[in-house]
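Student: What follows is a structure written as C-alpha coordinates; I'll ask about it next.
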Amino acid sequence: MNRRADIDVRPITEAELPEWNRALHTGFLQEPTVTEAQLAARRSHFVPGRLLGAFDGGRCVATYRSFAQELTAVGGAPVPADAVSNVTVTPTHRRRGLLSRMMAHDLAAARERGDVVATLIAAEYPIYGRYGFGPATTMTEWTVDVPRAGLDPRWAGPQDGGRIDLVDGEDVRELGPELHERLRRAQPGAVSRTELWWRSATGSVRFEPSWTEPFHAVYRSAAGEVEGMVSYVADDTWGDAKQPLNTVTVKWLIGVTPAAERALWHYLCAIDWVVRVKSGRRAPDDLLPLFLPDPRAARITTQADWLWVRILDVVRALEARTYGASGALVLEVADPSPGAGGRWLLEASPEGASCAATTRDADLVLGAGELASLWLGDESALRLAALGRIREERAGAARTADALLRTSRRPWCPDMF
(Lines give C-alpha, C1' and ligand atoms only; values in the text may rest on other atoms or scores of the structure.)
Protein backbone atom coordinates (compact mmCIF):
# COMPACT_ATOMS: atom_id res chain seq x y z
CA MET A 1 0.00 0.00 0.00
CA ASN A 2 1.39 3.37 -1.01
CA ARG A 3 1.75 6.01 1.63
CA ARG A 4 -0.56 9.02 1.48
CA ALA A 5 2.35 11.28 0.53
CA ASP A 6 2.93 9.18 -2.60
CA ILE A 7 -0.51 10.07 -3.98
CA ASP A 8 -0.66 13.35 -5.86
CA VAL A 9 -3.83 15.42 -5.34
CA ARG A 10 -4.13 18.24 -7.85
CA PRO A 11 -6.31 19.91 -10.49
CA ILE A 12 -6.48 17.81 -13.63
CA THR A 13 -5.73 18.93 -17.17
CA GLU A 14 -8.25 18.59 -19.99
CA ALA A 15 -6.07 15.82 -21.46
CA GLU A 16 -6.63 13.82 -18.25
CA LEU A 17 -10.43 13.86 -18.57
CA PRO A 18 -10.67 10.27 -19.93
CA GLU A 19 -8.69 8.89 -16.97
CA TRP A 20 -10.63 11.09 -14.51
CA ASN A 21 -13.95 9.93 -15.97
CA ARG A 22 -12.89 6.29 -15.73
CA ALA A 23 -12.21 6.82 -12.02
CA LEU A 24 -15.53 8.66 -11.62
CA HIS A 25 -17.45 5.74 -13.14
CA THR A 26 -15.52 3.25 -11.02
CA GLY A 27 -16.29 5.13 -7.81
CA PHE A 28 -20.00 5.25 -8.64
CA LEU A 29 -20.05 1.54 -9.61
CA GLN A 30 -20.85 2.34 -13.22
CA GLU A 31 -19.33 0.70 -16.29
CA PRO A 32 -15.72 1.99 -16.35
CA THR A 33 -15.69 2.49 -20.11
CA VAL A 34 -16.34 6.11 -21.06
CA THR A 35 -17.91 6.83 -24.44
CA GLU A 36 -16.83 9.62 -26.74
CA ALA A 37 -20.22 11.27 -26.29
CA GLN A 38 -19.76 11.31 -22.50
CA LEU A 39 -16.26 12.75 -22.84
CA ALA A 40 -17.60 15.43 -25.18
CA ALA A 41 -20.24 16.32 -22.59
CA ARG A 42 -17.57 16.61 -19.90
CA ARG A 43 -15.34 18.73 -22.11
CA SER A 44 -18.23 21.11 -22.76
CA HIS A 45 -18.05 22.35 -19.16
CA PHE A 46 -14.44 21.76 -18.25
CA VAL A 47 -13.15 24.67 -16.15
CA PRO A 48 -9.42 24.60 -15.33
CA GLY A 49 -8.79 24.25 -11.61
CA ARG A 50 -12.32 23.07 -10.71
CA LEU A 51 -11.79 19.34 -11.35
CA LEU A 52 -9.49 17.63 -8.88
CA GLY A 53 -7.99 14.17 -9.05
CA ALA A 54 -5.81 11.98 -6.84
CA PHE A 55 -3.17 10.10 -8.82
CA ASP A 56 -1.32 6.99 -7.71
CA GLY A 57 1.37 6.74 -10.35
CA GLY A 58 -0.46 7.48 -13.58
CA ARG A 59 -3.86 6.17 -12.42
CA CYS A 60 -6.59 8.45 -11.12
CA VAL A 61 -7.98 6.98 -7.88
CA ALA A 62 -10.24 9.79 -6.60
CA THR A 63 -12.32 12.52 -8.23
CA TYR A 64 -13.84 15.85 -7.18
CA ARG A 65 -15.52 18.64 -9.13
CA SER A 66 -16.84 22.04 -8.10
CA PHE A 67 -18.52 24.76 -10.10
CA ALA A 68 -19.93 28.24 -9.67
CA GLN A 69 -23.50 28.39 -8.42
CA GLU A 70 -25.97 30.78 -6.81
CA LEU A 71 -28.10 29.66 -3.85
CA THR A 72 -31.22 31.55 -2.85
CA ALA A 73 -31.23 32.64 0.79
CA VAL A 74 -34.35 33.25 2.86
CA GLY A 75 -35.94 36.39 1.45
CA GLY A 76 -34.74 35.81 -2.12
CA ALA A 77 -31.17 37.12 -2.15
CA PRO A 78 -28.79 35.04 -4.30
CA VAL A 79 -25.48 34.18 -2.63
CA PRO A 80 -22.40 32.89 -4.49
CA ALA A 81 -21.83 29.21 -3.79
CA ASP A 82 -19.16 26.60 -4.45
CA ALA A 83 -21.17 23.61 -5.68
CA VAL A 84 -19.44 20.30 -5.00
CA SER A 85 -20.13 17.23 -7.13
CA ASN A 86 -18.60 14.06 -8.67
CA VAL A 87 -16.87 13.08 -5.42
CA THR A 88 -15.49 9.52 -5.51
CA VAL A 89 -12.64 7.47 -4.07
CA THR A 90 -11.69 4.19 -5.77
CA PRO A 91 -12.30 1.17 -3.45
CA THR A 92 -8.58 0.29 -3.42
CA HIS A 93 -7.68 3.72 -1.99
CA ARG A 94 -10.22 4.29 0.79
CA ARG A 95 -9.24 5.64 4.22
CA ARG A 96 -6.14 7.47 3.05
CA GLY A 97 -7.40 11.00 3.50
CA LEU A 98 -7.88 11.67 -0.22
CA LEU A 99 -11.32 13.28 0.14
CA SER A 100 -10.03 15.41 3.02
CA ARG A 101 -7.18 16.70 0.88
CA MET A 102 -9.44 17.46 -2.09
CA MET A 103 -12.03 19.11 0.15
CA ALA A 104 -9.43 21.30 1.89
CA HIS A 105 -8.02 22.38 -1.49
CA ASP A 106 -11.43 23.27 -2.91
CA LEU A 107 -12.86 25.07 0.14
CA ALA A 108 -9.70 27.16 0.46
CA ALA A 109 -10.09 28.19 -3.19
CA ALA A 110 -13.79 28.94 -2.62
CA ARG A 111 -13.00 31.25 0.30
CA GLU A 112 -10.36 32.95 -1.81
CA ARG A 113 -12.93 33.54 -4.57
CA GLY A 114 -15.35 35.05 -2.07
CA ASP A 115 -18.00 32.32 -2.11
CA VAL A 116 -20.39 32.63 0.84
CA VAL A 117 -21.33 28.95 1.09
CA ALA A 118 -20.51 25.57 -0.38
CA THR A 119 -23.27 23.16 -1.40
CA LEU A 120 -23.63 19.49 -2.28
CA ILE A 121 -26.10 16.62 -2.52
CA ALA A 122 -24.84 13.90 -0.19
CA ALA A 123 -25.01 10.33 -1.48
CA GLU A 124 -24.17 9.09 2.04
CA TYR A 125 -25.20 10.86 5.24
CA PRO A 126 -22.15 10.32 7.53
CA ILE A 127 -19.48 11.75 5.24
CA TYR A 128 -19.78 15.52 5.05
CA GLY A 129 -20.58 16.62 8.59
CA ARG A 130 -16.90 16.31 9.49
CA TYR A 131 -16.14 19.00 6.88
CA GLY A 132 -18.61 21.51 8.36
CA PHE A 133 -21.58 20.73 6.07
CA GLY A 134 -25.06 20.36 7.49
CA PRO A 135 -28.34 19.13 5.93
CA ALA A 136 -30.27 22.27 5.05
CA THR A 137 -33.25 21.07 2.98
CA THR A 138 -35.39 17.95 2.77
CA MET A 139 -37.01 16.40 -0.28
CA THR A 140 -40.14 14.29 -0.47
CA GLU A 141 -41.40 12.04 -3.27
CA TRP A 142 -45.04 11.03 -3.54
CA THR A 143 -46.72 8.31 -5.58
CA VAL A 144 -50.29 9.28 -6.46
CA ASP A 145 -52.87 6.51 -6.79
CA VAL A 146 -54.83 8.20 -9.57
CA PRO A 147 -58.12 6.22 -9.33
CA ARG A 148 -58.28 6.93 -5.59
CA ALA A 149 -57.43 10.64 -5.89
CA GLY A 150 -61.04 11.70 -6.52
CA LEU A 151 -60.25 13.98 -9.44
CA ASP A 152 -62.88 14.52 -12.13
CA PRO A 153 -62.25 11.81 -14.76
CA ARG A 154 -63.90 14.04 -17.39
CA TRP A 155 -61.31 16.82 -16.89
CA ALA A 156 -60.05 18.10 -20.24
CA GLY A 157 -58.10 21.22 -19.27
CA PRO A 158 -57.76 24.03 -16.71
CA GLN A 159 -60.98 25.72 -15.64
CA ASP A 160 -59.26 29.06 -14.91
CA GLY A 161 -58.91 30.18 -18.52
CA GLY A 162 -55.37 28.88 -18.80
CA ARG A 163 -54.17 26.14 -21.12
CA ILE A 164 -51.63 23.32 -21.27
CA ASP A 165 -49.60 22.62 -24.38
CA LEU A 166 -47.10 19.90 -25.20
CA VAL A 167 -43.76 21.34 -26.39
CA ASP A 168 -40.41 19.96 -27.48
CA GLY A 169 -36.88 20.31 -26.08
CA GLU A 170 -36.11 23.43 -28.08
CA ASP A 171 -39.14 25.18 -26.56
CA VAL A 172 -38.03 24.09 -23.08
CA ARG A 173 -34.57 25.58 -23.63
CA GLU A 174 -36.20 28.82 -24.77
CA LEU A 175 -38.92 29.16 -22.13
CA GLY A 176 -37.49 27.26 -19.17
CA PRO A 177 -34.62 29.47 -17.97
CA GLU A 178 -36.74 32.59 -17.38
CA LEU A 179 -39.45 30.53 -15.68
CA HIS A 180 -36.92 28.87 -13.42
CA GLU A 181 -35.43 32.24 -12.49
CA ARG A 182 -38.88 33.36 -11.33
CA LEU A 183 -39.11 30.27 -9.14
CA ARG A 184 -35.55 30.62 -7.86
CA ARG A 185 -36.00 34.23 -6.79
CA ALA A 186 -38.91 33.21 -4.56
CA GLN A 187 -37.73 29.83 -3.26
CA PRO A 188 -35.12 29.61 -0.48
CA GLY A 189 -32.82 26.67 -1.13
CA ALA A 190 -33.16 26.78 -4.91
CA VAL A 191 -29.99 26.94 -6.98
CA SER A 192 -29.10 28.41 -10.35
CA ARG A 193 -29.27 26.38 -13.55
CA THR A 194 -26.73 26.82 -16.32
CA GLU A 195 -27.33 26.55 -20.05
CA LEU A 196 -25.66 23.14 -19.81
CA TRP A 197 -28.35 22.03 -17.32
CA TRP A 198 -31.09 22.80 -19.83
CA ARG A 199 -29.22 21.10 -22.66
CA SER A 200 -28.69 18.00 -20.54
CA ALA A 201 -32.34 17.95 -19.40
CA THR A 202 -33.51 18.03 -23.01
CA GLY A 203 -30.97 15.60 -24.47
CA SER A 204 -28.83 17.92 -26.58
CA VAL A 205 -25.92 17.02 -24.26
CA ARG A 206 -25.85 13.49 -22.82
CA PHE A 207 -23.81 12.38 -19.82
CA GLU A 208 -25.41 8.93 -19.67
CA PRO A 209 -25.02 6.23 -22.37
CA SER A 210 -28.81 5.77 -22.63
CA TRP A 211 -31.41 8.50 -23.07
CA THR A 212 -35.21 8.44 -22.98
CA GLU A 213 -36.83 11.45 -24.57
CA PRO A 214 -39.28 12.90 -22.02
CA PHE A 215 -42.57 14.62 -22.69
CA HIS A 216 -42.69 18.34 -21.89
CA ALA A 217 -45.82 20.35 -21.11
CA VAL A 218 -46.27 24.08 -20.48
CA TYR A 219 -49.03 25.83 -18.54
CA ARG A 220 -50.01 29.30 -19.75
CA SER A 221 -52.30 31.54 -17.73
CA ALA A 222 -55.45 33.13 -19.14
CA ALA A 223 -53.26 36.13 -20.01
CA GLY A 224 -50.93 33.87 -22.03
CA GLU A 225 -48.03 34.02 -19.58
CA VAL A 226 -45.94 30.88 -19.04
CA GLU A 227 -46.34 30.03 -15.35
CA GLY A 228 -45.51 26.33 -15.22
CA MET A 229 -43.68 23.53 -16.97
CA VAL A 230 -43.25 19.81 -16.45
CA SER A 231 -40.99 17.12 -17.91
CA TYR A 232 -42.04 13.50 -17.51
CA VAL A 233 -41.68 9.96 -18.82
CA ALA A 234 -44.14 7.04 -18.85
CA ASP A 235 -43.75 3.28 -18.76
CA ASP A 236 -45.78 0.72 -20.74
CA THR A 237 -47.46 -1.68 -18.31
CA TRP A 238 -50.59 -3.74 -18.93
CA GLY A 239 -52.48 -6.03 -16.56
CA ASP A 240 -53.55 -9.63 -17.17
CA ALA A 241 -57.03 -8.55 -18.26
CA LYS A 242 -55.59 -6.18 -20.88
CA GLN A 243 -56.07 -3.12 -18.73
CA PRO A 244 -53.48 -0.31 -18.89
CA LEU A 245 -51.56 0.22 -15.64
CA ASN A 246 -49.08 2.88 -16.67
CA THR A 247 -46.97 5.05 -14.37
CA VAL A 248 -45.89 8.61 -15.14
CA THR A 249 -42.63 9.68 -13.50
CA VAL A 250 -42.01 13.41 -13.19
CA LYS A 251 -38.42 14.42 -13.91
CA TRP A 252 -39.03 18.02 -12.83
CA LEU A 253 -41.98 20.38 -12.43
CA ILE A 254 -41.88 24.15 -12.07
CA GLY A 255 -44.88 26.19 -11.03
CA VAL A 256 -44.60 29.86 -10.08
CA THR A 257 -48.28 30.08 -9.11
CA PRO A 258 -50.54 27.63 -7.27
CA ALA A 259 -52.84 27.66 -10.32
CA ALA A 260 -49.98 26.44 -12.53
CA GLU A 261 -49.04 23.66 -10.10
CA ARG A 262 -52.65 22.54 -9.70
CA ALA A 263 -53.22 22.45 -13.46
CA LEU A 264 -50.04 20.50 -14.20
CA TRP A 265 -50.67 17.88 -11.52
CA HIS A 266 -54.27 17.48 -12.70
CA TYR A 267 -53.05 17.14 -16.28
CA LEU A 268 -50.63 14.35 -15.33
CA CYS A 269 -53.34 12.51 -13.38
CA ALA A 270 -55.79 12.83 -16.30
CA ILE A 271 -53.61 11.22 -18.98
CA ASP A 272 -55.33 8.14 -20.37
CA TRP A 273 -53.92 4.76 -19.23
CA VAL A 274 -52.10 6.35 -16.26
CA VAL A 275 -52.93 4.88 -12.84
CA ARG A 276 -49.90 6.18 -10.89
CA VAL A 277 -47.97 9.44 -10.91
CA LYS A 278 -44.57 9.62 -9.25
CA SER A 279 -43.92 13.19 -8.24
CA GLY A 280 -40.14 13.38 -8.39
CA ARG A 281 -38.28 15.35 -5.71
CA ARG A 282 -40.55 17.95 -4.12
CA ALA A 283 -40.53 20.18 -1.05
CA PRO A 284 -41.72 18.34 2.09
CA ASP A 285 -44.58 20.84 2.43
CA ASP A 286 -45.49 20.76 -1.27
CA LEU A 287 -49.12 21.48 -2.11
CA LEU A 288 -49.51 18.33 -4.22
CA PRO A 289 -51.41 16.12 -1.75
CA LEU A 290 -53.85 18.92 -0.90
CA PHE A 291 -54.66 19.52 -4.57
CA LEU A 292 -56.32 16.09 -4.51
CA PRO A 293 -59.88 15.60 -3.19
CA ASP A 294 -58.44 12.61 -1.30
CA PRO A 295 -54.92 13.63 -0.11
CA ARG A 296 -54.30 10.06 1.09
CA ALA A 297 -54.03 9.04 -2.55
CA ALA A 298 -50.58 10.69 -2.47
CA ARG A 299 -48.36 8.25 -0.58
CA ILE A 300 -44.89 9.31 0.55
CA THR A 301 -42.39 6.94 -1.03
CA THR A 302 -39.17 8.81 -0.21
CA GLN A 303 -38.32 11.45 2.37
CA ALA A 304 -34.72 12.33 3.11
CA ASP A 305 -32.15 15.06 3.55
CA TRP A 306 -31.24 16.73 0.26
CA LEU A 307 -29.19 19.92 -0.07
CA TRP A 308 -26.24 20.19 2.33
CA VAL A 309 -24.69 23.59 3.01
CA ARG A 310 -21.35 24.66 4.42
CA ILE A 311 -21.03 28.27 5.63
CA LEU A 312 -17.80 29.87 4.40
CA ASP A 313 -18.50 33.48 5.39
CA VAL A 314 -20.71 33.82 8.47
CA VAL A 315 -21.17 37.59 8.22
CA ARG A 316 -22.28 37.63 4.59
CA ALA A 317 -24.45 34.53 5.01
CA LEU A 318 -26.38 35.87 8.00
CA GLU A 319 -26.69 39.37 6.54
CA ALA A 320 -27.91 38.05 3.16
CA ARG A 321 -31.12 36.51 4.48
CA THR A 322 -34.25 38.13 5.91
CA TYR A 323 -35.78 37.65 9.35
CA GLY A 324 -39.39 37.47 10.48
CA ALA A 325 -38.83 38.89 13.96
CA SER A 326 -36.52 41.21 15.86
CA GLY A 327 -33.83 40.03 18.23
CA ALA A 328 -30.15 39.52 18.92
CA LEU A 329 -28.05 36.38 19.36
CA VAL A 330 -24.41 35.71 20.11
CA LEU A 331 -23.41 32.51 18.33
CA GLU A 332 -20.22 30.70 19.24
CA VAL A 333 -19.41 28.51 16.26
CA ALA A 334 -16.92 25.66 16.26
CA ASP A 335 -15.51 24.88 12.81
CA PRO A 336 -13.26 21.91 11.94
CA SER A 337 -11.40 24.08 9.41
CA PRO A 338 -11.06 27.81 8.65
CA GLY A 339 -14.36 29.41 7.79
CA ALA A 340 -17.24 29.83 10.21
CA GLY A 341 -15.42 29.50 13.53
CA GLY A 342 -15.61 32.31 16.07
CA ARG A 343 -18.11 34.24 18.16
CA TRP A 344 -20.64 36.28 16.19
CA LEU A 345 -23.26 38.84 17.19
CA LEU A 346 -26.37 38.71 15.00
CA GLU A 347 -28.79 41.62 15.33
CA ALA A 348 -31.83 41.12 13.14
CA SER A 349 -35.25 42.53 12.40
CA PRO A 350 -37.69 42.44 9.47
CA GLU A 351 -35.96 45.59 8.21
CA GLY A 352 -32.50 43.98 7.94
CA ALA A 353 -29.64 42.41 9.85
CA SER A 354 -26.06 42.96 10.86
CA CYS A 355 -23.46 40.42 11.95
CA ALA A 356 -19.99 40.99 13.38
CA ALA A 357 -17.34 39.25 15.44
CA THR A 358 -17.80 39.91 19.15
CA THR A 359 -16.31 39.23 22.57
CA ARG A 360 -19.70 39.18 24.30
CA ASP A 361 -20.74 36.02 26.13
CA ALA A 362 -22.27 33.40 23.87
CA ASP A 363 -26.02 32.70 23.86
CA LEU A 364 -25.73 29.51 21.78
CA VAL A 365 -22.77 27.21 21.16
CA LEU A 366 -22.97 25.14 17.99
CA GLY A 367 -20.96 23.59 15.18
CA ALA A 368 -20.58 24.88 11.64
CA GLY A 369 -22.84 22.12 10.34
CA GLU A 370 -25.61 23.03 12.79
CA LEU A 371 -25.35 26.68 11.76
CA ALA A 372 -25.75 25.61 8.12
CA SER A 373 -28.84 23.55 8.97
CA LEU A 374 -30.41 26.55 10.71
CA TRP A 375 -29.44 29.15 8.12
CA LEU A 376 -32.07 28.28 5.48
CA GLY A 377 -34.80 28.11 8.12
CA ASP A 378 -35.71 24.43 7.96
CA GLU A 379 -34.19 23.10 11.17
CA SER A 380 -35.21 24.06 14.70
CA ALA A 381 -32.70 25.20 17.29
CA LEU A 382 -34.97 23.76 19.98
CA ARG A 383 -34.78 20.35 18.31
CA LEU A 384 -31.01 20.52 18.02
CA ALA A 385 -30.72 21.56 21.66
CA ALA A 386 -32.89 18.63 22.71
CA LEU A 387 -30.54 16.34 20.77
CA GLY A 388 -27.48 17.84 22.46
CA ARG A 389 -26.14 19.16 19.16
CA ILE A 390 -26.25 22.80 20.26
CA ARG A 391 -25.94 24.19 23.78
CA GLU A 392 -27.81 27.08 25.35
CA GLU A 393 -25.59 29.38 27.37
CA ARG A 394 -28.52 31.72 27.97
CA ALA A 395 -31.92 30.30 28.86
CA GLY A 396 -34.38 30.81 26.00
CA ALA A 397 -31.69 31.39 23.36
CA ALA A 398 -32.81 28.42 21.24
CA ARG A 399 -36.38 29.74 21.21
CA THR A 400 -35.07 33.16 20.15
CA ALA A 401 -33.09 31.50 17.36
CA ASP A 402 -36.21 29.75 16.08
CA ALA A 403 -38.20 32.98 16.13
CA LEU A 404 -35.50 34.66 14.06
CA LEU A 405 -34.42 31.91 11.68
CA ARG A 406 -37.30 29.56 10.93
CA THR A 407 -39.49 30.15 7.86
CA SER A 408 -43.22 29.77 7.25
CA ARG A 409 -42.65 27.62 4.12
CA ARG A 410 -39.82 25.11 4.08
CA PRO A 411 -36.75 25.63 1.89
CA TRP A 412 -36.48 23.40 -1.17
CA CYS A 413 -33.81 22.57 -3.70
CA PRO A 414 -35.42 21.09 -6.84
CA ASP A 415 -32.11 20.06 -8.40
CA MET A 416 -29.62 17.22 -8.34
CA PHE A 417 -26.04 18.22 -9.14
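Student: May I ask you to evaluate 6.51 cos²θ - 1.76 cosθ + 1.60, the Karplus curve with θ = phi - 60°, for each residue of region 125-132 and list the ³J(HN,Hα) values in order in whole Hz, giving x for glycine and proline?
Tutor: 5, x, 6, 8, x, 6, 9, x
Student: Also, quick follow-up: Here are some values of Rg and Dmax of the Cα atoms in Å: (i) 22.5, 67; (ii) 26.2, 81; (iii) 23.2, 75. Which one was computed from this structure?
Tutor: From the options (i) 22.5, 67; (ii) 26.2, 81; (iii) 23.2, 75, the structure gives (iii).
Student: About the Cα centre, and with charges only on the beta carbon of Lys, Arg (+1) and Asp, Glu (-1), how big is the dipole of region 304-346? Nearest 20 debye, please.
Tutor: It comes to approximately 80 debye.
Student: At 1.4 Å probe size, what's the solvent-accessible area of residue 208? Round to the nearest 10 Å².
Tutor: Accessible surface of residue 208 is approximately 100 Å².
Student: I'd like to know which of 110, 132, 197 lies farthest towards the positive end of the charge dipole of the chain, counting +1 on Cβ of Lys and Arg and -1 on Cβ of Asp and Glu.
Tutor: 132
Student: On the accessible surface of the chain, probed at 1.4 Å, how many percent belong to carbon and sulfur atoms? Walk me through the numbers before you get to the answer.
Tutor: On the way: 9670 of 19140 Å².
On the chain, the fraction of accessible area on carbon and sulfur atoms equals 51 percent.
Student: While we're looking at this one, here's another question. Can you list the residues, at least 5 places off or on another chain, whose amide H is less than 5 Å from the amide H of residue 53, using H built in the peptide plane?
Tutor: Residues meeting the criterion, in which the H sits 1.01 Å from N, are 10, 12.
Student: Counting Lys and Arg as +1 and Asp and Glu as -1, what is the net charge of the other residues whose Cβ lies under 14 Å from the Cβ of residue 278?
Tutor: +1
Student: Karplus couplings for region 6-13 from phi (6.51 cos²θ - 1.76 cosθ + 1.60, θ = phi - 60°), rounded to Hz, Gly and Pro as x?
Tutor: 3J(HN,Hα) across region 6-13, in whole Hz: 7, 9, 8, 9, 6, x, 8, 8.
Student: Along region 402-413, what does the Karplus equation 6.51 cos²θ - 1.76 cosθ + 1.60 (θ = phi - 60°) give for ³J(HN,Hα), rounded to whole Hz, x for Gly and Pro?
Tutor: 3J(HN,Hα) across region 402-413, in whole Hz: 5, 4, 7, 9, 6, 10, 6, 10, 7, x, 8, 10.
Student: Suppose all protein chains stay in the model; what accessible area per residue would a 1.4 Å probe give for region 36-90, in Å²? All intermediate terms of the calculation are to be shown ahead of the outcome.
Tutor: On the way: 1760 Å² over 55 residues.
On a per-residue basis, 32 Å².
Student: Set Lys and Arg Cβ to +1 and Asp and Glu Cβ to -1, take the dipole of the chain about its Cα centre, and tell me which of 147, 355, 62 lies farthest positive.
Tutor: 62
Student: What accessible area per residue comes out for region 324-384, rounded to a whole number of Å², with a 1.4 Å probe?
Tutor: 39
The values are calculated or read from the model by the stated rules, or taken from the named source; none is laboratory data. In this text, all values refer to a predicted model and were calculated from it rather than measured experimentally. Virtual Cβ from ideal backbone geometry, glycine too; neighbours counted across all protein chains shown. The area values use the complete protein model at the heavy-atom level, side chains included, leaving out ligands, DNA and RNA. Shrake-Rupley method; radii C 1.70, N 1.55, O 1.52, S 1.80 Å.
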